[in-house]
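To start, the structure itself, in structure tokens.
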Amino acid sequence: MANGLPCRKDVGTGSEAKPPVPLRRLEPRVLREWLLPSRAMERSGWLPALGLLYIAAIGALGGLRGDHVLLGSLGLLDVYNERTRLFLRSFFPFILTGVVFDSMRYYYWPGIDGRVHVAGPYLFERTWFGVGGRTLNELFLEHHWAALDLATGFAYVVFVAEYVALAMLLFFRGRPEAARTFARCFLLVNVMGFATYFIFPVAPPWYVTQYGLGPARMYIEPAAAAAHRFDALLGTHVFDQMYSRGVDVFGAYPSLHVAYPLIAAILAYRFREIRWARVPAVLFFLLMCVAAVYLQHHYFTDVLLGIAYALVALAAITALERPRPRGVL
């Protein structure tokens, strides 16, 4: 101790901080952690069994595809090694969301038959958010631009990938609990949205343009709507393929397209590891708000609902994960 300040220990005493391990020395260990099965890990077969049961159930119901087999096989990660188990359990809410969404094809149409709202949401939108006696969607049908077609189409293509990528980055930066927060918010906001599809099914703007304000037609195919301009400009079939597997035709309320990037933007401000993504995430959220209306998939009302659903889901998961004082159940 000199002048009240701690002295630096001499080099060679053995008590100084160790230098960081070079990345090239870490690579073999990291690869072993992921690629080699664990010999010491205690194993339980309930997740692999659940995955196999899922594959068998889809096979019995009909419509089994390769992605169903892949999804069910992910349960094997729980018994391979510690790293794959941590990955599976961190991202399991994402997997469960996919299972719930895919299962809707078996009960969606009977569940909403005769209860679809067509004219009411359109008239509400025109009254409260209309311009010159028309909805914003109707204005965008007349006024659209190639640059905005490409920008909004791109946003619609990657909106889920943006959300999952941020969760992945957190996981591989050593923050599996942060990735789990992303996954839990994703599951909850989707369950809230899916429930709304059944409780209050609403025809989207493209449906009103194509079929009018009369009673809803059942068992129709989902449409790419104005997103087809993205494919036309690039000579692709991205949105045709994307919507060919959809079923929630009358799921305008709320806009989950808006909910995901809002949650991602807010969480980017919570976790320092992805602070570089804060401004891009906010800009992406704003672009998605425009895209939802511009591409004719949602009313502005749906955008506001998507924002509200995102905030509620985030608040609920935050409360769930908040540490509790000792002695509090």
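Residues that are closer than 24 Å to Ile307 by Cα, out of contact with any His (no Cβ under 6 Å at 6 or more places or on another chain) and not aliphatic (A, V, I, L, M) within region 141-176 comprise Asp149, Thr152, Gly153, Phe154, Tyr156, Glu162, Tyr163, listed in sequence order. Can you find a residue that is closer than 21 Å to Glu138 by Cβ, touching a Cys at 6+ places or on another chain (Cβ under 9 Å) and buried (at least 23 other Cβ atoms within 10 Å of the Cβ) anywhere in region 233-251? Looking through region 233-251, none of the residues is closer than 21 Å to Glu138 by Cβ, touching a Cys at 6+ places or on another chain (Cβ under 9 Å) and buried (at least 23 other Cβ atoms within 10 Å of the Cβ). Of Leu36, Leu86, all but one fail to be at pLDDT below 95 and not assigned by TED's automatic domain parsing to the domain that holds Pro222; the exception is Leu36.
Of the candidates Gly212, Gly246, the single residue that is at pLDDT 95 or above and of a type outside the set (A, V, I, L, M) is Gly212.
Within region 149-195, the set of residues being outside any helix (DSSP H, G or I) and surrounded by 16 or more Cβ atoms within 10 Å (Cβ to Cβ) comprises Arg175 only. Among the residues of region 214-222, none qualifies, meaning not one is in a helix (DSSP H, G or I) and touching a residue at least 24 places away in the same chain (Cβ under 8 Å). Taking each residue of region 132-157 that is among the β-branched types (Val, Ile, Thr) and looking for partners that are assigned to a loop (DSSP other than H, G, I, E, B) with beta-carbon atoms closer than 6 Å, six or more apart or interchain, yields Thr152/Leu295. Looking at (1) farther than 23 Å from Pro110 by Cβ; (2) surrounded by 14 or more Cβ atoms within 10 Å (Cβ to Cβ), which one does Phe198 not meet, given that it meets all the others? Every listed condition holds for Phe198 apart from (1).
Only a single item in (1) surrounded by fewer than 23 Cβ atoms within 10 Å (Cβ to Cβ); (2) touching a Leu at 6+ places or on another chain (Cβ under 9 Å) is not met by Arg324, and it is number (2).
Only a single item in (1) in the same structural domain as Phe250 (by TED's automatic domain parsing); (2) surrounded by fewer than 14 Cβ atoms within 10 Å (Cβ to Cβ) is not met by Leu136, and it is number (2).
So which residues in region 204-232 are surrounded by 13 or more Cβ atoms within 10 Å (Cβ to Cβ), closer than 21 Å to Asp102 by Cβ and out of contact with any Asp or Glu (no Cβ under 9 Å at 6 or more places or on another chain), if there are any at all? Listed by number, the residues that qualify are Ile220, Ala223.
Residues in region 271-299 that are surrounded by fewer than 18 Cβ atoms within 10 Å (Cβ to Cβ) and in contact with a Ser or Thr (Cβ under 8 Å, 6 or more places away or on another chain): Val290 alone.
The values are calculated or read from the model by the stated rules, or taken from the named source; none is laboratory data. All of these numbers come straight from a predicted model, not from anything done at the bench. Heads up, the Cβs are rebuilt from the backbone with ideal geometry, glycines too, and the neighbour counts pull from every protein chain shown.
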